[in-house]
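J.: Below is the structure I would like to discuss, written out as structure tokens.
The values are calculated or read from the model by the stated rules, or taken from the named source; none is laboratory data. No experiment lies behind these values; they were computed from the predicted model shown. Cβ coordinates were reconstructed from backbone atoms using ideal geometry, including for glycine residues, and neighbour counts include every protein chain displayed.
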Amino acid sequence: MLEITGLGKVYEGRGGVEALRKIDFRVADGDLVCVVGPSGCGKTTLLKCLAGLLSPTTGEVRVAGRRVTGPPPGMAVVFQEYGRSLFPWMTVRKNVELPLREKKVPAPRRRELVEEALSAVGLAGAAAAHPWQLSGGMQQRVAIARALAYEPRVLLMDEPFAAVDAQTRAELEDLLLTLWRRLGVTTLLVTHDIDEAVYLGRRVIVLSSAPTVVQEDLPIDLPAARDQITTRSAPRFAELRAHVYAQIKHAKNGVTGGDAPVREAEQSGP
Amino acid sequence: MSTARTGRDKRTSAADERPAGPLRRAGLRLLRVLGLPVLLILGWWAYSSASPTFYLPTPGRVATAFAKVWFSARITEDVLPSVGRLLTGYALAGLLGVGLGVAIGSSRTLRAAAEPVLEFFRAVPPPVLVPLIMLLAGLDTAMKVLVIVSGCVWPVLLNTVEGVRAVDEVLDDTGRCFGLHGVARLRHLVLPAASPQIMAGLRQALSIGIILMVIGEMFASTSGLGHTVVLFQRGFAIPEMWSGIVVLGLLGFGLSLAFRAVERRILAWHLARGGERGRHA
Amino acid sequence: MTRRGARAGAPLSTPRAAGLGLLGLACLFAVAEAVPRLGLVDPRHLPPATAILRRLATELGDATLWTALGETLRSWALGLAIACCLAVALGVLIDAVPGLRAATASTIEFLRPIPSVALIPLATLLFGAETGSTLLLVVYASFWQVLIQVLYGVADVDPVARETARSYRLGRWAHLRHLVWPTALPYVMTGLRLAAAVAFILAVTAELVIGSPGLGLRIQLAQSGGAVTEVYALIVLAGLVGVTVNTAVRAVERRVLAWHPSVRGEAAR
């Protein structure tokens, strides 16, 4: 579904910062893949290249066999900054509906999709509210509902739960798993949280520090049904978690990552 | 915090205030709104009747003059045409400013190239255009409107450019991911996002528009509000002149009320959110 | 392809932006030169840009122009200073006396939108064609700009900071000096910036309409003498002075508020 081959990105400007060196991986149809890496390793750059928001310097991205040159149809993105990604001048309903209008979905079907998506994330009652009247967790649910209503074939998420509190985060993680299982949409989730990556992913892709390459592509052999308490306390979970953690630590101490740990706190801020 | 506050309020206010009924509260509100204006007018009255000066007639005489002068054909001959020209020029300037502003604000290159030129035009005091335009073409209706347009357009234009430039990056990315482009992008993303800035520009433009309307008429016209007021002043018809000042004041006040009503409607989402930096800008 | 990553919101590098800005000015100049030369507009109505600039150069060699400019700037500065002091004093007073804000709100809301040009006849009667007329208009117009911002500013004092100050038993003066004033300062500077532009407009307007000495009067005289080129030259001068005034006030604002996050953020961007 998603093929990334030889992807590299160098930012122009003084000296030219090499954010991504050479990224190769593919995501099968209906898979759920988490990408983790040390802070400042270019996770967001990678995601923007996948979403067609940035054009790569080298290599290419293909979605369902077609080369990405701009935001491809059938792809939805959920950003970390829910407060900035929802349209503050529209109600929740209008926010979810807008992309469908652009897709020229007929009105009755549109209404159906909006209702479905909102009740799927448990926000059926908040349709008439404005996003800024809701809590952070609820706003991110709206963003997820908007992505779902769009009926995407690929769902990209950029640290979607980094800016909400720990309890909400656990709830949203489970919500995502439920929806993914129900809809089977190909999902790629970028995060800096190792626990989250192992808990959610069928596969975890560990990135090195910048200039970034894929450090490891790790299948997660945990049972498909996951649960915040039992899964997280399973010995296998701890093993996998420790393994990924070691990989990232290795990546940080590896080639260049001298300044990486300092940024951690800033990254997770709202 | 709210419990702490009510606790303190109770302690301090229980002694001197019985529980206020709705009537009493309405009375207090009325007193707050009207108290100072009434005091000021009374002061004016007392001062002007105690020491009768030529330039400061009593409010009574101004009110009489007001009724005599303005409740007449003057309303249709002087006031309404003036206001009509003002609104026409203002609307044209708004359309022009927003249109050009969106175009310029959407391109970095264009913006960088246009910025110094725009800064220059904004800094030219708009009233100096009046003698210029008079010199070129006299002051018929079209020219008076042109004066207003040429003065009002800059604040709208500059603010629109700034508002469009500052459209949130994440919001823009979101729009692009969901295939928002062309007219829909303008309508659903760029214009609403820039609207607080655009409204700020329109507010500045409104007061400039009134100034230009009055000056255009004072300078070179045989009709209109500004002309009439200056005529009274030259003829030393002092109460009438004061009544003209009052009319201009009421016009400014009325237009600003209307503007605020429109603004409240358009920016409801923005104001309810706390207006962010709106009031600081 | 590569341009797609470059977004409209991001600033260009400084030399490129400056280059483009110069290019824009050059374009304006070229158009203003070409249009009358090609006969698209009667050169009597719009003289070529070179003629306007040449005229401006001659004017700048004339000592009386500098006197006029001095008059205008003096009225501007003096009026602005008076308006600022009055507005800050009144704003702080309204904040300090309980109930005063509510009592004055309606009056302020009514007086503020009154166009300052409405006072032109009154100014003419009281002061005639003298600097006093200019001052009256300048003070009136800029006073409201500053007052409104001061009122926002003093209301913006953090409640927690207020409680803290009370718990440390800060005196009235210390409260004003260390709490109210620093909070209100950015607002005062915003008011000052807005007022400075308005004050310059009103200074020129008053001179133009009432005939008090200054740049505006000179424009009016040139106009009644039919000297089109001179009118244009003086308008260009007025624009340049306006740009200078705006830039200067912005520089002062940045300097005074160097510690303030809004300015720091702007500088860092």
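J.: Take the conditions in contact with a Leu (Cβ under 6 Å, 6 or more places away or on another chain), within 27 Å of A:Val198 (Cβ to Cβ) and more than 10 Å from chain B (Cβ to nearest Cβ) and apply them to A:Val35. Does it pass?
T.: It is false that A:Val35 is in contact with a Leu (Cβ under 6 Å, 6 or more places away or on another chain), within 27 Å of A:Val198 (Cβ to Cβ) and more than 10 Å from chain B (Cβ to nearest Cβ).
J.: Looking only at residues that are at the interface with another protein chain (Cβ under 10 Å from one of its Cβ atoms) and either free of Cβ contacts under 8 Å to residues at least 60 places away in the same chain or not β-branched (Val, Ile, Thr) (or both) in segment B:204-213, which one is farthest from B:Ala142 (Cα to Cα)?
T.: B:Gln204
J.: Related question: Restricting the search to segment A:3-40, which residues are under 15 Å from the mean Cα position of the chain (by Cα) and modelled with pLDDT under 90?
T.: A:Gly37
J.: Another one. Kindly evaluate B:Gly254 against the criterion of being closer than 22 Å to B:Ala67 by Cα, away from chain A (no Cβ under 11 Å) and either out of contact with any helix residue (DSSP H, G or I) (no Cβ under 9 Å at 6 or more places or on another chain) or at pLDDT below 85 (or both).
T.: yes
J.: On to the next question. Show me the helices (runs of 4 or more DSSP H) entirely contained within segment A:56-150 in which 2 or more residues are more than 9 Å from chain B (Cβ to nearest Cβ).
T.: So the answer is A:92-102, A:107-120, A:136-149.
J.: Being touching a Ser or Thr at 6+ places or on another chain (Cβ under 8 Å) and either facing chain C (nearest Cβ under 8 Å) or not charged (D, E, K, R) (or both) is the filter here; which residues of segment B:149-179 pass it?
T.: B:Gly163, B:Val164, B:Val170, B:Leu171, B:Thr174
J.: So is A:Asp195 touching a helix residue (DSSP H, G or I) at 6+ places or on another chain (Cβ under 8 Å) and surrounded by fewer than 22 Cβ atoms within 10 Å (Cβ to Cβ) or not? Reasoning before the result, please.
T.: Values: touching a helix residue (DSSP H, G or I) at 6+ places or on another chain (Cβ under 8 Å): yes; surrounded by fewer than 22 Cβ atoms within 10 Å (Cβ to Cβ): yes.
Yes, satisfied.
J.: Continuing with the same structure: Going residue by residue through segment A:203-221, is there one that turns out to be assigned to a helix (DSSP H, G or I) and of a type in the set (Val, Ile, Thr)?
T.: Among the residues of segment A:203-221, not one is assigned to a helix (DSSP H, G or I) and of a type in the set (Val, Ile, Thr), which makes the answer no.
J.: Pairs only if they're at least six apart or on different chains, beta carbon under 8 angstrom, first in segment C:127-140 and farther than 13 Å from C:Pro115 by Cα, second assigned to a helix (DSSP H, G or I) and acidic (Asp, Glu); list them, first residue then second.
T.: Taking only residues 6 or more apart or on different chains, the pairs are C:Thr131/C:Glu71; C:Thr134/C:Glu207.
J.: Filter segment C:225-247 down to the residues that are free of Cβ contacts under 8 Å to residues at least 24 places away in the same chain and among the hydrophobic types (A, V, I, L, M, F, W, C), then identify the one that is farthest from the other protein chains (Cβ to nearest Cβ).
T.: Filtering segment C:225-247 for residues that are free of Cβ contacts under 8 Å to residues at least 24 places away in the same chain and among the hydrophobic types (A, V, I, L, M, F, W, C), the one farthest from the other protein chains (Cβ to nearest Cβ) comes out as C:Ala227.
J.: Still on this structure: Tally time: how many residues in segment B:229-244 are buried (at least 21 other Cβ atoms within 10 Å of the Cβ) and either within 22 Å of the chain's Cα centre (by Cα) or free of Cβ contacts under 8 Å to residues at least 12 places away in the same chain (or both)?
T.: The qualifying residues number 5.
J.: If a residue has to be crowded, with 19+ Cβ neighbours inside 10 Å, within 14 Å of chain B (Cβ to nearest Cβ) and charged (D, E, K, R) to count, how many in segment C:67-107 make the cut?
T.: The total comes to 0.
J.: Go through segment B:46-73 and count every residue that is part of a loop (DSSP other than H, G, I, E, B), over 29 Å from the mean Cα position of the chain (by Cα) and of a type in the set (Gly, Ala, Ser).
T.: 1
J.: On to the next question. From the list B:Gly97, B:Gly163, B:Gly175, which residue is buried (at least 23 other Cβ atoms within 10 Å of the Cβ), under 30 Å from A:Phe79 (Cα atoms), among the small types (Gly, Ala, Ser) and in contact (Cβ under 8 Å) with a residue 40 or more places away in the chain?
T.: One residue alone meets the criteria, B:Gly163.
J.: Can you report the number of residues in segment C:108-125 which are outside any loop (DSSP other than H, G, I, E, B), touching a helix residue (DSSP H, G or I) at 6+ places or on another chain (Cβ under 7 Å) and either more than 20 Å from C:Leu192 (Cβ to Cβ) or more than 12 Å from chain B (Cβ to nearest Cβ) (or both)?
T.: The qualifying residues number 10.
J.: Could you list, in sequence order, the residues of segment B:40-72 that are free of Cβ contacts under 8 Å to residues at least 12 places away in the same chain and over 23 Å from B:Phe236 (Cβ atoms)?
T.: Matches in segment B:40-72: B:Leu40, B:Leu42, B:Gly43, B:Ala46.
J.: If you don't mind, there's one more thing I want to ask. Of the residues A:Val185, A:Val164, A:Val190, A:Val154, which single one is at negative phi and crowded, with 24+ Cβ neighbours inside 10 Å?
T.: Only one candidate qualifies: A:Val190.
J.: Just to check your reading of the model, which residue among B:Leu31, B:Leu87, B:Leu118 is assigned to a helix (DSSP H, G or I) and more than 30 Å from B:Leu186 (Cβ to Cβ)?
T.: Being assigned to a helix (DSSP H, G or I) and more than 30 Å from B:Leu186 (Cβ to Cβ) holds for just one of B:Leu31, B:Leu87, B:Leu118, which is B:Leu31.
J.: Same structure again: Is there a residue being buried (at least 17 other Cβ atoms within 10 Å of the Cβ), of a type in the set (Ser, Thr, Tyr), closer than 27 Å to C:Val150 by Cα and without any contact (Cβ under 8 Å) to a residue 60 or more places away in the chain anywhere in segment C:173-191?
T.: Taking every residue of segment C:173-191 in turn, at least one turns out to be buried (at least 17 other Cβ atoms within 10 Å of the Cβ), of a type in the set (Ser, Thr, Tyr), closer than 27 Å to C:Val150 by Cα and without any contact (Cβ under 8 Å) to a residue 60 or more places away in the chain.
J.: Next question. Tally the residues that are surrounded by fewer than 24 Cβ atoms within 10 Å (Cβ to Cβ) and not in a loop (DSSP other than H, G, I, E, B), restricting the search to segment A:34-52.
T.: Residues meeting the conditions: 5.
J.: Answer yes or no as to whether B:Ala200 is touching a residue at least 24 places away in the same chain (Cβ under 8 Å) and within 17 Å of the chain's Cα centre (by Cα).
T.: Considered against the rule, which asks whether it is touching a residue at least 24 places away in the same chain (Cβ under 8 Å) and within 17 Å of the chain's Cα centre (by Cα), B:Ala200 comes out as yes.
J.: So which residues in segment B:214-231 are more than 7 Å from every other protein chain (Cβ to nearest Cβ) and not in a loop (DSSP other than H, G, I, E, B), if there are any at all?
T.: B:Gly216, B:Glu217, B:Leu225, B:Gly226, B:His227, B:Thr228, B:Leu231
J.: Same structure again: What number of residues in segment B:103-114 are surrounded by fewer than 19 Cβ atoms within 10 Å (Cβ to Cβ) and in a helix (DSSP H, G or I)? Quick ask: steps written out before the conclusion?
T.: As a first pass, look at segment B:103-114 and keep what is surrounded by fewer than 19 Cβ atoms within 10 Å (Cβ to Cβ): B:103, B:106-107, B:109-110.
Within this subset, residues satisfying the condition of being in a helix (DSSP H, G or I) are B:103, B:109-110.
Looking only at that region, the number is 3.
J.: Working only within segment B:115-145, note down all residues that are surrounded by fewer than 22 Cβ atoms within 10 Å (Cβ to Cβ), at the interface with another protein chain (Cβ under 9 Å from one of its Cβ atoms) and among the β-branched types (Val, Ile, Thr).
T.: The answer is B:Val117, and nothing else.
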